[in-house]
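K.L.:
To start, I am sharing the structure in question, which I have written as structure tokens.
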Amino acid sequence: MSCNTPSVSIGLTVAGGHGEGLALNQLSVPVSVFVDEDQTVYIADFGNHCIVAWKHNTASGQVVAGENGKGNENNQFSNPTDVIVDKETDMLLICDLNNCRVMRWPRHNGTSEEVILEKIACGRLAMDKQRFLYISDLEKNDVRRYRMGETNGTEVAGGNGVGDRLNQFNRPGYLFVNNEQSVYVSDSWNQCVMKWEKDAKEGIVAAGGHGQGNGLSQLYNPQGVVVDSSGTVYVADVYNHRVMYWPKEATQGTVLIGVNELGEGANQLNSPIPKQTKIFKNAFKRTNGNRDCELFTLIIKIPETPFFA
């Protein structure tokens, strides 16, 4: 196989796939995932108001945060939108959207949950190698960076009102932070992925940016974004039912999976269709300079109608 372009294997369901519901083998609007070092998949189950962990090759999940139903107590969530793991403290960090807060929750057998940030319309989370926490704010249309323990943070992207200029966002969502602390942001309603280098005053279009559509230079409600070591951007193009990759400085992308066709097959995506509550895993390889192929794992979320719609 040539390493010049990514190649995708047939998708394998790693969580859900048994319809929408409350059972431990079901999900209800899974909007975000985090995969840890032992391939446990942590899922923000937006519709069931909890965080579920699915261990590798298991038939059902386990609720690890939010077992007490929808609410605003410290042991409850109201539509969680993201979860990541702080490996240094072995804690879960969780966006609790409708309660306008970020929660910290023990990953293993803990009950000492706590609120670490309040009064924030937390959309998504990311953490860099220095353990700075990045949060996209759906109301302020910005991204802020927090040193763990502080409550004010530093604005690192957006913050200039709602709009489509290079220093603005319109519904910033998923985040990815590289080793240079450049922040990649899915600008959902501007139909693009933006890159903000450290200390920049405006962003650079890294994918999309040519209006809503299904052309190779376009996106339609971009969501999950990952960037590899060569600067190639991988983005979930939700309403085009595809995942695309955009090499660094490319003017158009390439379809990795989906090809604009919605469906329920292992090689198809069906993001906006109700009841498709499962998560696929696809392994694919790509080049990295002249080195050997790198193996990546791509988690493709298949939620009910996405809450960002």
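What follows is calculated from the coordinates using simple rules that are stated; it is not laboratory data. Quick caveat, the model's predicted, so the values are computed rather than measured. Glycine gets a Cβ as well: all are built from the backbone with ideal geometry, and neighbour counts include every protein chain shown.
K.L.:
So for H56, H210, fewest C-beta neighbours within 10 Å to most, what's the order?
P.N.:
Ranked by crowding around the Cβ, least crowded first: H56, H210.
K.L.:
Output ³J(HN,Hα) for the stretch 148-158: one whole-Hz value per residue in order, computed from phi by the Karplus curve 6.51 cos²θ - 1.76 cosθ + 1.60 with θ = phi - 60°, and x for Gly and Pro.
P.N.:
Along the stretch 148-158, the couplings run 4, x, 8, 10, 8, x, 10, 6, 10, 7, x Hz.
K.L.:
So, one more: Sorted by average packing, counted as other Cβ atoms within 10 angstrom per residue and highest first, what order do 126-132, 26-32 take?
P.N.:
26-32, 126-132
K.L.:
Could you go through the stretch 229-234 in sequence order and give the Karplus-derived ³J(HN,Hα) for each residue, using 6.51 cos²θ - 1.76 cosθ + 1.60 with θ = phi - 60°, rounded to whole Hz, and x for Gly and Pro?
P.N.:
Computed from phi, the couplings for the stretch 229-234 are 5, 8, x, 6, 9, 10 Hz.
K.L.:
Now for a separate question. Express the C-alpha Rg of the stretch 42-126 as a ratio against the empirical globular expectation 2.2 N^0.38 Å, rounded to two decimals.
P.N.:
0.99
K.L.:
Using 0.36 nm times the number of residues separating K87 and S229, minus their current alpha carbon distance, what extension gain do you get?
P.N.:
49.0 nm
K.L.:
Quick check: residue separation of E180 and Q252 times 0.36 nm, minus the Cα distance between them. What number comes out in nm? Working shown, then result.
P.N.:
On the way: separation 72, 0.36 × 72 = 25.92 nm, distance 2.43 nm.
Stretched out fully, the E180 to Q252 stretch lengthens by 23.5 nm.
K.L.:
Can you list the residues of the stretch 64-79 with backbone N under 17 Å from a point 7 Å past the Cα of S112, pointing along Cα to Cβ?
P.N.:
Residues passing the 17 Å test: 74-75.
K.L.:
Collect residues whose amide H, placed 1.01 Å from N in the peptide plane, falls under 5 Å from the amide H of F77; neighbours closer than 5 in sequence don't count.
P.N.:
G71
K.L.:
Now a separate question. Which FRET efficiency value, to the nearest 0.05, is calculated for K119 and E37 with the Förster distance at 30 angstrom and r the Cβ-Cβ distance?
P.N.:
That pair, K119 with E37, gives E of 0.35.
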